[in-house]
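The values are calculated or read from the model by the stated rules, or taken from the named source; none is laboratory data. None of the values given here were measured: they were computed from a predicted structure. In this analysis, Cβ positions are derived from the backbone assuming ideal geometry, glycine residues included, and neighbour counts consider all displayed protein chains. Heavy atoms of the whole protein, side chains included, go into the accessibility calculation; ligands, DNA and RNA do not. Shrake-Rupley method; radii C 1.70, N 1.55, O 1.52, S 1.80 Å.
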Amino acid sequence: MIPFLDLHSLNAPYLNEINRAVAAVVNSGRYIGGEQVTAFENALARYQDAPCVVGVSNGLDALTLIFLAYIEIGVMKPGQEVIVPANTYIASLLAVSRAGLIPVPVDADIETLNMDTSLIEQAIKPGVTAAIMTVHLYGRICWDATLEGVARKYNLKIVEDNAQAIGARLADGRVAGSLGDAAGFSFYPTKNLGAMGDAGAVVTRDEELAGVVRALANYGSSRRYHNEYLGLNCRMDPMQAAVLNVKLPYLDGDNQRRRELAAIYSGDPSMTEALDRNFHQYVILNPRRDDLREFLASNGIGTDIHYPTPPHRQPCYRNQLGNYTYPVAERIAREILSLPIAPYLTDNQAKTIKSILTQFK
Ligand SMILES: *Cc1c(COP(=O)(O)O)cnc(C)c1O
């Protein structure tokens, strides 16, 4: 029996260190902010080669705060539009909506499963569109000259949803989450850098933006009892920061292990060098996905579906987006299947899964 993902096995190599780090917070008497949060912000800033990191409560809040901060600064206005991929987790769109902006989906590329960047320009309304949100889905970077060119031409911000691609790098060495104007990170327990609860971060080179994000996440206040903005409470929990401080140094090794497993699944040894992907998920498409999933389950292999319903088909977006069709995203939702890809899997387990897969008729 190989479960799709076992979080205890995932964290097992780090449990001694994590127990010590969390105990230090417990014994410190300081439970909001403090050393562990600051240390994690600094460590992530070094990893991202970016000057500004704000630790926050989760990935959805990170993305929401970015848009709210752009509105406070006057860079965006409520009611403006944000280009988003049609194939993504719904949180990408929820962040846009929660900030009072309008998500405008763009269909996916069936090869990369990410946004088809050649379709972005036709979705832009000059003066109305404020930003492009690029989502590096399944851990594969979505970034190219077309995306950059359109953003420059129409003076749009590029916000990265980097919940899934931490540690993935372009050929020039730039890392996901430091490509655009600002990025939201998630450290949800199943992510490649996972906490033991909810956590997230905003990463940017824009010091003004970072300052407003930090204030917004703290009741709109950067000075005690002085509230500049209608803020929220979205701070990073120091217990989670302690866990993340332990795990960040192991991230690159874990990502590389995922590439090795991907090489076994795909039969393509060059996958070990696919540095622009961290294989947050290893996904395959099959027109008989549900049968395949049952076949794998009957052979003791757990799988998952990311995601069975695209955001524009969700009841919460029925009024806004229900009349639109995005054929590629809809096909992906019907055919996609995620195989186990956690770093603790052995080569033999991956080979077993691959051989069972080839027996599906
Ligand atoms: C996980 C995820 C989020 C949301 O992160 P949370 O920490 O769960 O709020 C946003 N976007 C994508 C693509 C994600 O995978």
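Could you grab me the full set of residues in the range 21-72 that are outside any helix (DSSP H, G or I) and over 20 Å from Ala165 (Cβ atoms)? Outline the logic, then answer.
Kept after step one, since they are outside any helix (DSSP H, G or I), are these residues of the range 21-72: 29-34, 49-58.
Within the range 21-72, Gly29, Arg30, Tyr31, Ile32, Gly33, Gly34, Pro51, Ser57 qualify.
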Within the range 162-196, track down each residue that is within 10 Å of the ligand (Cβ to nearest atom) and either open to solvent by 10 Å² or more (accessible area, probe 1.4 Å) or under 20 Å from Ala151 (Cβ atoms) (or both). Asn162, Ala163, Gln164, Ala165, Gly184, Ser186, Tyr188, Pro189, Thr190, Lys191
Scan the range 344-361 and report the pairs whose first residue is more than 15 Å from Leu261 (Cα to Cα) and in contact (Cβ under 8 Å) with a residue 40 or more places away in the chain and whose second residue is open to solvent by 60 Å² or more (accessible area, probe 1.4 Å) and not β-branched (Val, Ile, Thr), with Cβ atoms within less than 6 Å and a gap of 6+ or a chain change. Ile356/Asn299
Quick one: which residue in Ser97, Ser92 is in contact with a Cys (Cβ under 9 Å, 6 or more places away or on another chain), of a type in the set (Ser, Thr, Tyr) and either open to solvent by 10 Å² or more (accessible area, probe 1.4 Å) or within 12 Å of the ligand (Cβ to nearest atom) (or both)? Ser97
Out of (1) closer than 23 Å to Gly177 by Cα; (2) surrounded by fewer than 17 Cβ atoms within 10 Å (Cβ to Cβ); (3) in contact with a strand residue (DSSP E or B) (Cβ under 7 Å, 6 or more places away or on another chain); (4) of a type in the set (Val, Ile, Thr), what's the single condition that is false for Ile32? (1)
Within the range 342-351, does at least one residue satisfy the condition of being modelled with pLDDT of 95 or more, within 24 Å of Ala108 (Cα to Cα) and of a type outside the set (Asp, Glu)? no
Quick test of your reading of the structure: Cys234 fulfils all but one of (1) within 12 Å of the ligand (Cβ to nearest atom); (2) farther than 24 Å from Tyr31 by Cα. Name the failing condition by number. (2)
Members of the range 139-161 found to be in a helix (DSSP H, G or I) and within 15 Å of the ligand (Cβ to nearest atom), listed by number: Gly139
Wholly within the range 220-326, which helices (runs of 4 or more DSSP H) include no fewer than the required count, namely at least 2 residues that are open to solvent by 60 Å² or more (accessible area, probe 1.4 Å)? 251-266, 289-298, 318-321
